[in-house]
Structure formats: structure tokens, C-alpha cells
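Written out below as C-alpha cells is the structure these notes cover.
The values are calculated or read from the model by the stated rules, or taken from the named source; none is laboratory data. Quick caveat, the model's predicted, so the values are computed rather than measured. Glycine gets a Cβ as well: all are built from the backbone with ideal geometry, and neighbour counts include every protein chain shown. We work out accessible area using only protein heavy atoms, side chains counted, and drop any ligands, DNA or RNA first. Shrake-Rupley method; radii C 1.70, N 1.55, O 1.52, S 1.80 Å.
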Amino acid sequence: MIQGKKIVLGVSGGIAAYKAVELLRLLVREKAEVFVVMSANAGKFITPLTFESLSGNPVYQEVFGEQSSASMPHIRAAENADLLVVAPATAGSIGKMANGLADDALSNLYLAFRGPVLIAPAMNDGMYLNPAVQENISRMKERGVEFIDPEEGELACGTVGQGRLAEPSRILRAVQTRIAGKEDLTGLKILVTAGPTQEPLDPVRYITNPSSGKMGYAVARQASLRGAEVTLISGPTHLKPPAGVKTFRCKQAGEMLALVKEHFPDCDVLVMVAAVGDFQPDTVQKEKIKKKGETLALKLIPTPDILLEASKTKARQMVIGFAAESQNVVQSAQEKLKRKNLDLIVANDISAPGIGFQSDSNQVTLIDKEGTINSLPRLSKQEIADVLLDRIKANEENKL
Ligand code: CTP
């Protein structure tokens, strides 16, 4: 329910600005009070009058303007709104927001705004994939800003790729989830593991896997944004800990096990996303192994099964596992669910191209201990995290 909520709609100067009109109509139809703020270039694509007429509120467009800009009291009210959604967000406006540059109405308001922020980028696919833009997006995500990934399709410049503004209905859904779920996990203690593990062979070599940690970090970030008290135990990744999340780093499965054992008794939910390596060398050489021109045979022994160890001691906790499968996805995941005494398992097919490890999106199936199977469409890892957190919330409510 967004009825009566104050939402600031930030519009920047791209061809997709016309879709902001549709989004505004949807927000107004849901009875939200919308206040539009425009970047310096947005006015080249659409007039403030359109937004003013549809929102019924003055439009903030010029920082130093008089007539055409919204009055100071309105700007103050916007700063205290329930949510800021920027759609479309161009590469330029993202760059400014990520780097704290304030030279127009939108970038000024962004810096002054204290509430949650949703950003829906739209730009040429090459620009979107440019490392400079991706780095800006990552930095903002690390600070707790939520992104609604652009869709693939035909772009204004004539090419086909990822860069089209997400459909207004999708942005509306994200706004609704964000506002409804603002604090819906308050009071819940969630323990999340993420990333790969690393098992050393000698001082300079180790065995690991390509997990990026993105899925686990998304779960931790979304849970924290929704008010949960989150502890994250992370294997080695390049990701920064999400704001407000107590984060512990480790490398080996044995270290991760010790941290999970320490924090599990005090949590309500364990979400074991980490891609724990199944094997470790039986001995770690003190000195670097020298090549001698002959075959080197390694003896590997199993690592501890952290999830199994935790679920053996589970009392009231909800325990969730992840399963990366390459064949018979549902059946294999169901076997794991039983063997590890889990409440829920999230399975994905690692043989499908372009999803899973390293990627920002995935296609997963949720299977619970009652046998319910829910196959989700391809979604961003953030959206998957929110679906999972909805399940956790429903499970908690059933306990009452
Ligand atoms: N897991 C764990 N400790 C391990 C291995 C896995 O806690 N040593 C957890 C993972 O974090 C994940 C779940 O168990 O939540 C499933 O992991 P997976 O490796 O797919 O299952 P395995 O039991 O190792 O089965 P297999 O490798 O044979 O498919």
C-alpha cells in the first residue's frame, strides 16, 4: 500500500523520460502523493508542466530559479518523503549521485534526501556496461541504494542490448515492495553466509570456486534494509559489506564453520548461501611446492558440512540452503533438503548460460519441506533476495 505515502520521482534527461509520465500516473492511481524533481537536462525531453499537471504538485527543476522551481517548503517536504525513485537515471545522473556532485535540482535533492532510494537506469547498452558506470552503481549499492536493472531490448540508439528502462509496472512493484517492506523484518535475527571458501595448498596456492558472493550479499543487504538484524559471514569476495550489517570475514570452510557455530544459536534464520568447497588438501605445505618436472598428486579430504552441522543443533531456527545443480535440479535439491534437515532450499541450474555464478541475475526454484515447489522467472539477485525474505516473513508469521 502506497496510499498517502510521499514519493519523490526524480527524472533525468534521457529518451526514456516519457516513461516517467506513465510511472507518475501509476503512482498517482495508487494514491501516493508524488513530488517530481528534474535534472538539468530532463526538461529537454519533457516539460515540467506535464509532471505538475499529473502530480498536482509543483515541480522542482531549477536550484536557483524563482517562478518555475518549487518553493523551499516543498523542497524540505521532498527531502523528508518516504522514498525517492529516480526513473530514468542516466549515466550522467548516476555518476553525479555516486560521487556526491550537486549541480542541478535532482543531484542536490539526492544528496539532501535521507530516506530509501530506488534507481532505475536507462541508457545505451555500451554505456551501461562501461566499468565506470558499473563501478558507480556498485558503490551506490554498497551504500544501500536499490537498483531496478534495465531490461534487454531495442534501444533508442538503434542497437539491441541491456539498457531499456524497466517497465513502469515493474518500477511500481519495486516501490510498493520497498515501502510495504520498509521495516517488515524488524526484530528478526538473520545469519547469512556468502561467497566462496579458499583451502590452501601451500603459502601461495589454494583451491576455490568462482562464487562472487553477490547472492549472499543481496540477501544480507535486503534483509537489513527491511529492518532485520543481520550478521554476514563472508568468504573472500571483492564486495564491500552492506551498510548496517555485522560482517565477519573468513577463508577456509573450517573457519566459516567456527563462525556459524558461534552465531547460529542466537539467530532466528540461517541462510547458507556460501559456495563452500567440498574438499581441502589433507596437508598444507609450509613452503611453496616446487615443480620437479613430474606429476603432482594431491590428496583431498572432505571439508566439514557447515549446513549439516548447524541443522543438527537447530531448535526454533529456520534453516535455508542453496543448491547449485547441473542435472535433475529439483530432485537433487529435494534430496539435499531432506539429508540436511532444511526448511527450504533454493536451487539453481548451473548449466544454464548467463545466470548464477558471477552474474547479477539468476533463475531459481524454491522448494520447502512440505514439498511445495515454486519456480521463479529469471530475476535480479536483489529481487530473488526479496522473494526469499517474503518466504521467511511468512514462515515467522505462521509460528505466531
Ligand atoms: N554447504 C555447507 N558446507 C559444505 C558444503 C555445502 O554448508 N561443506 C552448504 C551450502 O552453503 C549450500 C548447501 O550446503 O547451502 C548445498 O551445497 P552443495 O555443495 O550444493 O551440496 P553438497 O551437500 O555439497 O552436495 P553435492 O556437492 O554432492 O551436490
(request) Go ahead and set up a Gaussian network model of the chain, Cα springs under 10 Å, then flag whichever of 44, 291, 214 fluctuates most. (result) 291
(message) Which of 343, 103, 390 ends up with the largest GNM mean-square fluctuation for the chain, with Cα atoms connected below 10 Å?
(response) 103
(request) For 62, 335, 294, give the ranking by accessible area with the largest first, probe 1.4 Å. (result) 294, 335, 62
(message) What are the extents of the Cα atoms of the range 6-180 along their three principal axes, in Å, largest first?
(response) 41, 34, 31
(message) Give me Rg/Rg_expected for the range 240-318, where Rg uses Cα atoms only and Rg_expected = 2.2 N^0.38 Å with N residues.
(response) 1.46
(message) How high is the relative contact order of the chain? Use alpha-carbon pairs under 8 Å, at least six apart in sequence, and give a whole percent.
(response) 11
(request) On the full set of protein chains, 1.4 Å probe, figure out the accessible area of residue 94 and give it in Å² to the nearest 10. (result) 0
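Within the set 246/338; 261/312; 214/369; 369/399, which residue pairs have Cα atoms separated by over 19 Å? Write out the running numbers ahead of the final one.
On the way: 246/338 30 Å; 261/312 11 Å; 214/369 26 Å; 369/399 15 Å.
Beyond 19 Å: 246/338; 214/369.
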(request) Taking only protein heavy atoms into account and a 1.4 Å probe, give the accessible area per residue of the chain in Å². (result) 48
(message) Residue by residue through the range 28-45, what is 3J(HN,Hα) from phi via Karplus (6.51 cos²θ - 1.76 cosθ + 1.60, θ = phi - 60°)? Round to whole Hz and write x for glycine and proline.
(response) 5, 4, 7, 6, 7, 9, 10, 10, 9, 10, 10, 6, 4, 8, 4, x, 6, 9
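Return a single number: how many Lys pairs in the range 6-180, at a sequence separation of 8 or more or on separate chains, have alpha-carbon atoms below 21 angstrom apart.
Working: 6/19; 6/31; 19/31; 19/44; 44/96; 96/141.
Within the range 6-180, the lysine pair count is 6.
Only bridges with both residues in the chain count here: give the DSSP antiparallel percent, nearest 5. Before the final figure, lay out the partial values.
Working: 20 of 62 bridges.
The answer is about 30 percent antiparallel.
Summing +1 for each Lys or Arg and -1 for each Asp or Glu, what net charge is found among the other residues whose Cβ lies under 12 Å from the Cβ of residue 112?
Values: positive: 76, 114; negative: 79.
In short, +1.
How do the peptides 296-306, 310-320 rank, highest first, by the average count of neighbouring beta carbon atoms within 10 Å per residue?
Numbers: 296-306: 13.2, 310-320: 16.7.
Final packing ranking: 310-320, 296-306.
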(request) Tally the DSSP beta bridges in the range 189-399 and give the antiparallel ones as a percent, rounded to 5. (result) 40
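What is the range 189-399's relative contact order, in percent, from Cα pairs under 8 angstrom and six or more apart in sequence?
Numbers: 424 pairs, mean separation 42.1, N = 211.
Relative contact order for the range 189-399 comes out at 20 percent.
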(request) Quote the accessible area belonging to residue 173 in square angstrom, nearest 10, computed with a 1.4 Å probe and with ligands, DNA and RNA left uncounted. (result) 140
(request) For residue 119, list long-range residues whose amide hydrogen, built 1.01 Å from N in the peptide plane, is under 5 Å from its own amide hydrogen. (result) 86, 146, 147, 148
(request) Run the accessible area of the range 6-180 with a 1.4 Å probe and give the carbon-and-sulfur part as a rounded percent. (result) 52
(request) Per residue of the range 81-94, in order, report the coupling 6.51 cos²θ - 1.76 cosθ + 1.60 (Karplus, θ = phi - 60°) as ³J(HN,Hα) in whole Hz, putting x for Gly and Pro. (result) 5, 6, 7, 10, 10, 9, 8, x, 10, 7, 4, x, 6, 5
(request) Would you please give the residues with an amide H less than 5 Å from that of residue 198, counting only those at least 5 places away or on a separate chain, with H modeled from the backbone geometry? (result) 252, 253
(request) For the chain, just the Cα atoms, rotate onto the principal axes and tell me the three extents in Å, largest first. (result) 77, 58, 34
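Quick one: Cα convex hull volume of the range 290-370, Å³ per residue?
Numbers: hull volume 13.9 nm³, N = 81.
Per-residue hull volume (Cα only) is 171 Å³.
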(request) Could you check what % of the DSSP bridge pairs in the range 6-180 are antiparallel, to the nearest 5? (result) 20
(request) Only Lys, Arg, Asp and Glu count, each charged at its Cβ (+1, +1, -1, -1), so figure out the dipole size of the chain about its Cα centre, rounded to 20 debye. (result) 800
(request) Return the whole-Å distance between the Cα centroid of the range 344-395 and the Cα centroid of the range 231-301. (result) 23
(message) Could you work out [θ]222 nm for the chain from helices alone, using -39500 (n - 2.57) per DSSP H run of at least four and dividing by all its residues? Round to the nearest 500 deg cm²/dmol.
(response) -10000 deg cm²/dmol
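Give me the percent of Cα-Cα pairs in the range 189-399 that sit more than 20 Å apart, rounded to a whole number. Mind dumping the intermediate values first?
Working: 12683 of 22155 pairs.
In whole percent, the long-distance tail amounts to 57.
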(message) Once you order the gyration tensor axes a ≥ b ≥ c over the Cα atoms, which shape class does the range 315-361 get: rounded for a/c under 1.5, otherwise prolate or oblate by comparing a/b with b/c?
(response) oblate
(message) Pick from 141, 338, 288 the residue whose mean-square fluctuation is largest in a GNM of the chain, springs joining Cα atoms under 10 Å.
(response) 288
